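Remarks on the structure that follows.
The values are calculated or read from the model by the stated rules, or taken from the named source; none is laboratory data. This one's a predicted model, so the numbers in the text were calculated from it and none came from an experiment. Note that we place each Cβ from the backbone using ideal geometry, even for glycine, and neighbour counts take in every protein chain shown. All accessible areas refer to the heavy atoms of the entire protein, side chains included, with ligands and DNA or RNA removed. Shrake-Rupley method; radii C 1.70, N 1.55, O 1.52, S 1.80 Å.
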Amino acid sequence: MPTAFQKELVTLAHRLADLCGLVAGTLEVATRALLESDLTLGGRVREQAAAVTALGAACEDQACALLALHAPREEDVKAVVAAVHTAADLTRMGGLAGEVADRVRRVPVDARPAFTRLAAHAVAAARDLQKILTGADAGLAEAVEGTEAAERELREWAGSPERPHGAVDVVLLAAAHVRFAGTAARIARRAGGFARLPAVSA
């Protein structure tokens, strides 16, 4: 029979999954804003990034309340700490999406195919992580590798003999996407501590 603590931990895991979904959606909109040079979408991203920050803080508060209201075992304490770190990391991912929106300008035409793949892989990593946070089986390796491959392609493009205008911005944006996907992978490695363990009690 699941304990009250386990039930609340499951609720927290699902709330973190909701946060992850919001983060993924924020990056999707940020990418559209960038590729379409759409300032209106850029404003929407900033609103979503603020929502990510608020929900991330709420998740951290909920995790701290779990420790205050229960007398968890050592392994349960570790699960809550992992949840706190996850909320903080997801909030940082939302910040990275906001950085993309802050650079709303036109991506050079010949860089767009690789950049579009880059963004799609980064969003896919977050979507896969969202599944993991609800106890589902999913892997991020393909999405992360795709993000890294697209970044290398963009770096090669930027390093061409006739350096394209805006190349530095594109490289910085690519690096932000790689950090986004890399953070998702790091969260996934620790997710078993609080997402998979109590899944049977959902």
What length, rounded to one decimal in nm, is gained on full extension from residue 77 through to residue 110, with 0.36 nm per residue of separation minus their alpha-carbon distance? 6.9 nm
Can you compute 3J(HN,Hα) from phi for each residue in the stretch 7-13, using the Karplus curve 6.51 cos²θ - 1.76 cosθ + 1.60 with θ = phi - 60°, rounded to whole Hz and x for Gly and Pro? 4, 5, 5, 4, 4, 5, 4
Summing +1 per Lys or Arg and -1 per Asp or Glu among the other residues with Cβ less than 11 Å from residue 58's Cβ gives -2
If you put +1 on each Lys and Arg Cβ and -1 on each Asp and Glu Cβ, how big is the dipole of the chain around its Cα centre, in Debye rounded to 20? 60
Pair residue 92, residue 69: separation of 7 Å Cα→Cβ label points (nm): 2.9
Inter-label distance, nm, simple model (7 Å from Cα along the C-beta direction), residue 145/residue 102: 3.4
Counting other Cβ atoms within 10 Å of each Cβ, which trypsin sites (Lys or Arg not before Pro) in the stretch 58-104 have at most 13 and sit in a DSSP loop? 73
Give me the percent of the accessible area of the chain that comes from carbon and sulfur atoms, probe 1.4 Å, all protein chains in place. 55
In the stretch 98-128, whose amide N lies under 13 Å from the spot 7 Å out along Cα-to-Cβ of residue 156? List them in ranges. 114
If you project the alpha carbons of the chain onto the principal axes, what extent comes out on each, in Å, largest first? 65, 31, 21
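In square nanometres, what is the average projected area of the Cα convex hull of the stretch 1-75?
Projected area, direction-averaged: 5.8 nm².
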Accessible area (Å², per residue) of the chain, counting only protein heavy atoms and a probe of 1.4 Å: 48
